[in-house]
Amino acid sequence: MIKSLSELIIIMLYISLLSFSPLSGQAKIEPPRARKIPHEITVHGDTRVDNYYWLREREDPEVIRYLEAENEYTKAMLEHTEPLQEKLYDEIIGRIKQTDESVPYLDNGYYYYTRYEEGGEFPIYCRKKGNPDGEEEILLNVNEMAEGYSFYHVSGLNVSPDNKLLAFGVDSVGRRKYSLAFKDLETGEFLPDNITETDGYVAWAGDSRTIYYTTQNDITLRSEKVYRHLLGNEPDDRDLVYYEEDETFRVGVFTTKSREYIMIISSSTLSDEYRFARTGDPAGIFNLFYPREKDMKYRVDHHGEKFYVLTNWEATNFRLMETSTSLTSKDNWVELIPHRDDVLLSDIEIFNDHLVISERKNGLRQLYVYEWDNKTGHYLDFPEEVYTAGISVNADFDSDIFRLSYTSLTVPNSVFDYNMKSREMTLLKQDEVLGDFKPDNYQARRVYATAPDGTKVPVSLVHRKGIKKDGSNPLLLYGYGSYGYSMDPRFSSVRLSLLDRGFIYAIAHVRGGQEMGRNWYEDGKLLNKMNTFTDFNACARFLIDQNYTSPRKLFAQGGSAGGLLIGAAINMNPELYRGVVAAVPFVDVVTTMLDDSIPLTTGEYDEWGNPNDTVYYEYMLSYSPYDQVKRQDYPAILITTGLHDSQVQYWEPAKWAARLRDYKTDQNVLLLKTNMDAGHGGAAGRYKRYREIAMEFAFLIDLAAVK
């Protein structure tokens, strides 16, 4: 008679069979299988049975034992690849200049930069007063601070206006719940002030003693309250400045580049609302800029006597407006940069004499420099067919120098200074790739697949020169396609370990991103979400039809909402793929979106829909990867997650893996790897993350049967 639940949850982990593993040819071992414990979920009269709902119990020792058993199985199944993993890891870190530092940028009289020391996992944050060649002052050595922690992350470094105090956030769990800490930069001592349950960022008032910060809801982790606090007082001695009651909105607080205003932003997927107060009045009242309207996004920055508003009000692809600092109602906004059907206006950088505008046209970024005085401007020219150019750190408001970044699928990240008056471009630094890397050995291009509805979907490709389009090439297809996030073509020295083994790397710019404008996003969310998945599979078919690869050599990868994409794609067309990697995948869509106690859920209604509405419930159910698992063959699958993930709870990928094992009819390997010390972003540290990447690459390379 069975006396404990653990005896039911996990079956024998290492049962040797006479068959062989489809991954390696080694003796096959049986994977762990979670016991089915039926849990009924009834919505709109529809009752679904979730046999693995019990895996949500994070504190249950049996759940932890199950995850650990999955980890042991993954380790056993990949044991034969460990020499390859080690080789890949050595390759990856061997390309990295271990002792390195960023290009310093000027901010309020100091040059700030980040550097790494050989063997150090974490950054060292530094500054020099008045001269980039002056004496170094170390603000934080995170290597020392992280000693004794299995996870450690520092964010939101912000120096006070008088340059004497440093504020920053610390997360030592991986759940993105930050404690605020403060350092006296004159004495080197840390202040006793410690504020918990924050998002890790502060805004300074002009007195360099008053801070504004946001706190998170204990359960949902939604940033919902903005407080004002005077350093030196007890943490509870604070003033509530703003409370966002709408559970679909999150709040943040920041200082404008001009340093004259503190801004509170309430934001949801479809609308925004700003409040502002003078930095010179620490106890000042925040004024409403303009009340939120459904389907109206706007962003605010400041210059002189005017506010500048980037908005989609009567402008699908956004336009730029200006208004007096004393008259902020929409009725007073005057158009500066008009709406264009073929150009997405995505960002601005304000200088005293110039305005830099970041746009997106035909899937590529453009940078436009506008002169305030003569109201004319010009575009910057970039040489490649497929590239990414963007606004870098430009903290100096009075400068004529605009700092930008440039990269492509073949060119490492480069930092340039552009003189907006003389139009001279100066390369300051290009990331050094150690070893025998030469950009000329690789080729990048953009091609277009045709979606089922006739839409042309861009695909960015990179590979070593000289490959043949004969269907024999292993190819890794990456996708995301949600929240309007565009997957720009960027260089990765890590990726060279695949390219140099004959892989082609491809990015499917599917709908749900904003590569082709705001409508590209609108056509890939809510009741149009299915386009994201059919676009991706259309890209896969195109690459096969054009003989870049074949179904036996095609692999797919995506993370978070990109993991949802991978899950839906293989439910619909598993025959297209040899193997997939799904990182922290959002796969249990319906159950998660029905639970408003889960972090981020309520704020996601405008992206996925609210399943309490029958129309959205049925539509989400039609593509939810967990719910749509079928009795069919699937490709080989590697799933990764983090126990402390606050964005996609670990139980989603765990449940998905369990259900796939129950349903799939093939003998292809299915692996679940849970990082027990990390969250959504994976392992902390400069090198630890490369261990995880080496494991994923080894999985792909082994399946591709290349060396």
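Things to note:
- Members of region 528-567 that are of a type in the set (Ser, Thr, Tyr) and in contact with a helix residue (DSSP H, G or I) (Cβ under 7 Å, 6 or more places away or on another chain): THR532, THR549, SER550
- Residues of region 438-464 classified as part of a loop (DSSP other than H, G, I, E, B), touching a residue at least 12 places away in the same chain (Cβ under 8 Å) and out of contact with any Ser or Thr (no Cβ under 7 Å at 6 or more places or on another chain), total: 2
- Unmet criterion (only one of (1) over 30 Å from THR674 (Cα atoms); (2) at pLDDT below 95; (3) buried (at least 17 other Cβ atoms within 10 Å of the Cβ); (4) not β-branched (Val, Ile, Thr)) for ARG127: (2)
- Residues in region 539-557 that are touching a residue at least 40 places away in the same chain (Cβ under 8 Å) and in a loop (DSSP other than H, G, I, E, B): GLN546, ASN547, TYR548, THR549, SER550, LYS553.
- Output for region 407-430, where each listed residue is over 21 Å from GLY363 (Cβ atoms) and either assigned by TED's automatic domain parsing to the domain that holds THR532 or assigned to a strand (DSSP E or B) (or both): VAL415, PHE416, ASP417, TYR418, ASN419, MET425, THR426, LEU427, LEU428, LYS429, GLN430
- Test result for LYS97, surrounded by fewer than 17 Cβ atoms within 10 Å (Cβ to Cβ), of a type outside the set (Asp, Glu) and at pLDDT 95 or above: no
- All conditions but one from (1) at pLDDT 95 or above; (2) surrounded by fewer than 16 Cβ atoms within 10 Å (Cβ to Cβ); (3) within 24 Å of the chain's Cα centre (by Cα); (4) not aliphatic (A, V, I, L, M) apply to ASP295; the one that does not is (1).
- In region 549-557 there is no residue that is surrounded by fewer than 22 Cβ atoms within 10 Å (Cβ to Cβ), of a type in the set (A, V, I, L, M, F, W, C) and at pLDDT 95 or above.
For every residue, the table says whether it meets (1) assigned by TED's automatic domain parsing to the domain that holds GLY642; (2) farther than 23 Å from ARG127 by Cα; (3) not charged (D, E, K, R).
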{"site": "ILE195", "(1), (2), (3)": "no, yes, yes"}
{"site": "ILE211", "(1), (2), (3)": "no, no, yes"}
{"site": "THR215", "(1), (2), (3)": "no, yes, yes"}
{"site": "TYR227", "(1), (2), (3)": "no, yes, yes"}
{"site": "PRO235", "(1), (2), (3)": "no, yes, yes"}
{"site": "ASP239", "(1), (2), (3)": "no, yes, no"}
{"site": "GLY252", "(1), (2), (3)": "no, yes, yes"}
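- From ARG495, ARG490, ARG541, ARG511, residue being at pLDDT 95 or above, crowded, with 23+ Cβ neighbours inside 10 Å and in the same structural domain as TYR617 (by TED's automatic domain parsing): ARG511
- First in region 232-259 and closer than 18 Å to GLY206 by Cα, second anywhere and at pLDDT 95 or above and aromatic (Phe, Trp, Tyr), Cβ under 6 Å, 6 or more apart: ARG238/TYR227; VAL253/TYR212
The values are calculated or read from the model by the stated rules, or taken from the named source; none is laboratory data. The structure displayed is predicted, hence computed values, not measured ones. Backbone-built Cβ (ideal geometry, glycine too); neighbour counts: all protein chains shown.
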